[in-house]
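Report on one structure; see the data block that follows.
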Amino acid sequence: MTAKLSLWWMIFRISLSERLVYRGDFIISTLVRFLPIISQVLLWTAVIGSGDGDNIKGMTIGDIVAYYLLVTVARAFSSMPGLTHGIASEIRDGEIKKYLIQPLDLIGYLLVKRIAHKLVYYLVAAVPFGIVFFLFRDYFSGWPSMFTLLAYFTALMLAFTIGFFLEATFGFIAFWWLEVTSLMFMYMLMNFFFSGHMFPLDFLPDWLRAIFSCLPFQYMAYFPCAVFLERMTEAQVIEGLWIGFAWSVLFFITSRMAFHFGVKRYSGFGG
C-alpha cells in the first residue's frame, strides 16, 4: 500500500514539473481565456438592453453575468483538453505498449496526471479569476449559505470526474476506431450546447429542458452554476448531486470496460 502511494505521489510530482516546463506560454494562454468573459458580458447586456423587459426567463443581466462567470469556473473543472486525442494517438502509434508492459494502472495514471495539470491551472488562474470576480462582484446577490457552498464544490468535483471518465471512454474507443476526431467534434458540439455553456438552460422550453435533464452534460457546467446561484431548492440540489454521482460511476465503468476489452483486441503495432 505504501509503495503504491509513493508511486502515485511520484507521478503527481513529475506531472506538476512537466506542466511547469513552459511556464510563460502556459500563463499567457491561461490569461487569454478570460477575454471571452468580457465579450459575453457585453453581448448579454446588449441583448437584454434591446428587449422590452429587463430580464429573460426571470434572469436579469446581473444573473446572466454571474452565471457566465461561474460557467467559466465549471468548465475549467470539466474540460479535459488533449485527453481523448492523447489516448487515441498513443493507441494509433503504438506508444500505449509502454504502459501495458508496466505494473501501472493506465486510467489511474491519467487521472493523477490530469489532477496535477488542473492544480497548476487553478493556481495560475486564481489571480485573474479573483480580479474578474471582484470587478463583477455587484452582479452577485450575496454570499451563499454553507450548504450551498458545500454542494457547489461537490458539484465541481463531479463535473471533473464526469468530464474525465467520459473523455477517457472516448479515447479508448480508438482501440476499435483509430481516428476519433469526428466523434470528438460531435461530442464537443453537443457538450457546448447541452451543458449550458452556450446559454443558461433556463431559457429553454420546459419540454426541451426535461430532455436535457436526462443527459450528463448539464452536470459539467449548468448544474454547479445553478447551485451557487441558488436557483434550486435543497431537495433539487441533493437529487442533482446523486444523479451527477451516478453519471460519474457510469462513465468510470464505461472507461474501464472500454480499456479492458480494447486491450484484448489490441495488436501492438507501431511505436
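Quick one: check the C-alpha center-to-center distance for the stretch 198-271 versus the stretch 60-91, whole angstrom.
If you average the Cα positions of each part, the centres end up 13 Å apart.
To the nearest 0.05, what FRET efficiency results for residue 134 and residue 207 with a Förster distance of 35 Å applied to their C-beta separation?
FRET efficiency, residue 134 to residue 207: 0.30.
Roughly how many debye, to the nearest 20, is the charge dipole of the stretch 90-174 about its Cα centre, given +1 on each Lys and Arg Cβ, -1 on each Asp and Glu Cβ, and no other charges? Don't jump to the answer; show the numbers that get you there.
On the way: 7 positive and 6 negative charges, 21 e Å.
For this selection, approximately 100 debye.
HN-Hα J couplings of the stretch 95-105 from phi, Karplus 6.51/-1.76/1.60, θ = phi - 60°, integer Hz, Gly and Pro as x?
Ordered by residue, 3J(HN,Hα) equals 6, 5, 4, 5, 8, 6, 8, 10, x, 9, 7 Hz.
Normalised by the number of residues in the chain, what is the relative contact order in percent for Cα pairs under 8 Å and 6+ residues apart?
RCO, the chain: 29 percent.
Which value, in debye to the nearest 20, gives the size of the charge dipole of the chain about its Cα centre, when Lys and Arg are +1 and Asp and Glu are -1 at the Cβ?
1020
Among 207, 74, 5, which residue has its Cα positioned farthest towards the positive end of the charge dipole of the chain, with +1 placed on the Cβ of Lys and Arg, -1 on the Cβ of Asp and Glu, and the dipole taken about the Cα centre?
Among 207, 74, 5, the one farthest towards the positive end of the dipole of the chain is 5.
For the charge dipole of the stretch 11-264, defined by +1 on Lys and Arg C-beta atoms and -1 on Asp and Glu C-beta atoms about the Cα centroid, which residue among 196, 153, 177 has the Cα displaced farthest towards the positive pole?
Value computed over the given set: 177.
How would you rank 85, 260, 117, going from fewest to most other Cβ atoms within 10 Å of each one's own Cβ?
260, 85, 117
Taking the stretch 168-271, which trypsin sites (Lys or Arg not before Pro) meet the DSSP loop condition and have no more than 10 other C-beta atoms within 10 Å?
Here the sparse-neighbourhood loop sites are 265.
In sequence order, what are the phi-derived ³J(HN,Hα) couplings for the stretch 125-137 according to the Karplus relation 6.51 cos²θ - 1.76 cosθ + 1.60 with θ = phi - 60°, rounded to whole Hz, with x for glycine and proline?
Going residue by residue, I get 7, 4, 5, x, 4, x, 5, 4, 5, 5, 5, 10, 4 Hz, with x marking Gly and Pro.
Would you tally the net charge around residue 107, using a Cβ to Cβ cut-off of less than 11 Å, leaving residue 107 out, and scoring K and R as +1, D and E as -1?
+2
Quote the charge dipole size of the stretch 177-240 about the Cα centre in Debye, to the nearest 20; the model charges only the Cβ of Lys and Arg (+1) and of Asp and Glu (-1).
120
Counting every Cα pair in the chain, what percent are over 31 Å apart?
Of the Cα pairs, 32 percent sit more than 31 Å apart.
None of the figures in this text is laboratory data; all of them are computed from the coordinates on show. These figures come from a predicted structure and were not determined experimentally. Virtual Cβ from ideal backbone geometry, glycine too; neighbours counted across all protein chains shown.
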